[in-house]
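A short worksheet on the structure shown next.
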Amino acid sequence: MDVDWGLFWSSLWPITRAGLLGTIPLALISFALGLLIALAVALMRISGNRVLAGAARAYVSVIRGTPLLVQLFVIFYGLPSVGLVIDPWPSAIIAFSLNVGGYAAEVIRASILSVPKGQWEAGHTIGMSRGKTLQRIILPQAARVSVPPLSNTFISLVKDTSLASLILVTELFRKAQEIAAFSQEFMLLYLEAALVYWVFCLVLSSGQSHLERRLGRHVAH
């Protein structure tokens, strides 16, 4: 394959810019909202209330048991049939946040359960309520345990945002598609998009390793 290096270099910045202004913000917003959902669902799972626990289990089961693409299409293409029309960007954020919530909820729940029960008893001994013990003692310890799997979830989300191109969200892969459609150099542009995704993930993986090392030193001390 003859490589059109002129096209490669001229399209590199537009694709990277779409990633920086579209893909990364979309992933960050969705991940932050997803973590809030995940925390709520995890607390419902361990609450002891059968109704709340059952609802949380059902939510996790549905999210983990259905493809993200289907969830995205239900929100963007399906909801208008019942009178609820949502623009592409909010649709993508809703779908990705709900998906992250379903997967991260189990990570957070397992992290909370990994904290020794003696920590709950210690909080009770010094007069803390269950809520205060959770907030000040349990969650900080659980957070350190959950960093590696949650970081992996975020890196996966960055790649999964490419699905948003299917509902016309302008992000990294959508920009590559637009340039490819104009130039007819599909292989080159798609490989270039893959390269940019790869670089993004390398940077994020490096940040994850640095964070884990810092947390490890903190725990060791």
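Each value in this text was obtained by applying a stated rule to the coordinates, not by laboratory testing. Here the structure is a predicted model, which means the values were calculated and not measured. Glycine gets a Cβ as well: all are built from the backbone with ideal geometry, and neighbour counts include every protein chain shown.
Observations, loosely collected:
- Charged neighbours of Tyr103, selected by a Cβ distance under 15 Å, balance to +3 (K, R count +1; D, E count -1).
- Placing unit charges on the Cβ atoms of the charged side chains and taking the dipole of segment 5-220 about its Cα centre, the candidate lying farthest along the positive direction among Ile15, Ala181, Phe73 is Phe73.
- Note on Lys132: lysines with a C-alpha under 19 Å away, same-chain residues under 8 apart excluded, are Lys117.
- Spin-label pair Ile46/Lys132, simplified geometry with 7 Å Cα→Cβ offset, distance in nm: 1.9 nm
- Max mean-square fluctuation residue, GNM over the chain, Cα-Cα springs under 10 Å, options Glu192, Glu171, Glu121: Glu121
- Derived scalar couplings between HN and Hα for segment 36-45 equal 5, 4, 4, 4, 4, 5, 4, 5, 5, 4 Hz in order, rounded to whole Hz, by the Karplus curve 6.51 cos²θ - 1.76 cosθ + 1.60 (θ = phi - 60°), x for Gly and Pro.
- Dipole-positive endmost among Phe96, His124, Ser165 within the chain (Cβ charges, Cα centre): His124
- Among Lys175, Lys132, Lys117, Lys159, the ranking by other beta carbons within 10 Å of each residue's beta carbon, starting with the fewest, stands as Lys117, Lys132, Lys159, Lys175.
- Exposure proxy ranking for His210, His124, based on other Cβ atoms within 10 angstrom of each Cβ and starting from the fewest, stands as His210, His124.
- Under 24 Å from Lys159, Cα to Cα: lysines that are on another chain or at least 8 residues apart: Lys175
- Each part gets one Cα centre, and for segment 1-50 versus segment 186-200 those centres are 16 Å apart.
- Phi angles of segment 135-141 translate, via the Karplus equation with coefficients 6.51, -1.76, 1.60 and θ = phi - 60°, into HN-Hα couplings of 5, 9, 10, 6, 4, x, 6 Hz per residue; Gly and Pro are given as x.
- Per-residue 3J(HN,Hα) values for segment 77-83, derived from phi via the Karplus relation 6.51 cos²θ - 1.76 cosθ + 1.60 with θ = phi - 60°, read 9, x, 4, x, 5, 10, x Hz in sequence order (x marks Gly and Pro).
- Cβ-placed point charges (K, R +1; D, E -1), dipole of the chain about Cα centre in debye, nearest 20: 1380 debye
- Residues with amide H under 5 Å from that of Thr66, placed H, sequence gap 5 or more: none
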